[in-house]
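Colleague: This is the structure I want to talk about, given as structure tokens.
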Amino acid sequence: PARRAEPRRNRVSEFDDLGMDDVETADLDGDGYDETMALDTDGDGVLDTVASDTDGDGYIDTVLMDSDGDGDIDTVAYDADGDGYIDVVQEYSDTNSDGYADTVTIEQDVNSDGVADLFTVATDNDGDGDIDDMLTLINQG
């Protein structure tokens, strides 16, 4: 079996220490340590990514992104099982620009080998807000 690489863990404080103008950090729980940061990843002056240490271990385990710059979060990535690896990525697409996701794509590493092996796509084809089609693929390779 393939060996899993060591996790690339990043402390929020390491980003704050870089002195970057496009990074804002916050201590939301009052413990004296910044556990949340917001970044401007595309350099347009608007913060578009939030990374957080939601379990208090000092390492980033949840990331929210506005990758298309429309002001709405469209990608969510998180460590679902607490092992220090981001193992679920959810992407939301609003193809008809009505403000609601028409397609949700979920990639999951269910066996903790570092490779996404469960893929789910859910779509709302008629725009009524209900999931009309769902397809799940399992990578057994």
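Colleague: Starting from the stretch 31-46, take each residue that is within 18 Å of residue 63 (Cα to Cα) and list its partners that are open to solvent by 60 Å² or more (accessible area, probe 1.4 Å) and of a type in the set (Ser, Thr, Tyr), counting only C-beta distances under 8 angstrom and pairs at least six apart or across chains.
Modeller: Within 8 Å, the pairs are 35/54.
Colleague: Residues in the stretch 77-92 that are under 14 Å from residue 64 (Cα atoms) and of a type in the set (Ser, Thr, Tyr): how many?
Modeller: Going through the stretch 77-92 one residue at a time, the tally reaches 2.
Colleague: With the checklist (1) more than 15 Å from the chain's Cα centre (by Cα); (2) closer than 27 Å to residue 131 by Cβ; (3) open to solvent by less than 70 Å² (accessible area, probe 1.4 Å) in hand, flag the one item residue 34 doesn't pass.
Modeller: (2)
Colleague: So, one more: What are the residues in the stretch 76-134 that are aromatic (Phe, Trp, Tyr), more than 16 Å from residue 63 (Cβ to Cβ) and not in a loop (DSSP other than H, G, I, E, B), if any? Walk me through how you get there before you give the answer.
Modeller: Our first condition is that a residue be aromatic (Phe, Trp, Tyr); within the stretch 76-134, this holds for 78, 85, 92, 100, 119.
If we keep only those that are more than 16 Å from residue 63 (Cβ to Cβ) as well, we get 100, 119.
Across the stretch 76-134, the qualifying residue is only 119.
Colleague: Please find, among 127, 99, 69, the residue that is open to solvent by less than 50 Å² (accessible area, probe 1.4 Å) and either touching a residue at least 12 places away in the same chain (Cβ under 8 Å) or among the β-branched types (Val, Ile, Thr) (or both). Working first, answer last.
Modeller: On the way: 99 fails: open to solvent by less than 50 Å² (accessible area, probe 1.4 Å); 69 fails: open to solvent by less than 50 Å² (accessible area, probe 1.4 Å).
Matching residue, one of 127, 99, 69: 127.
The values are calculated or read from the model by the stated rules, or taken from the named source; none is laboratory data. This structure is a prediction, so every number in the text was calculated from the model and none was measured. Neighbour counts are summed over all protein chains in view; Cβ atoms, including those assigned to glycine, are modelled from backbone coordinates with ideal geometry. Surface areas here come from the heavy atoms of the whole protein model, side chains and all, with no ligands, DNA or RNA. Shrake-Rupley method; radii C 1.70, N 1.55, O 1.52, S 1.80 Å.
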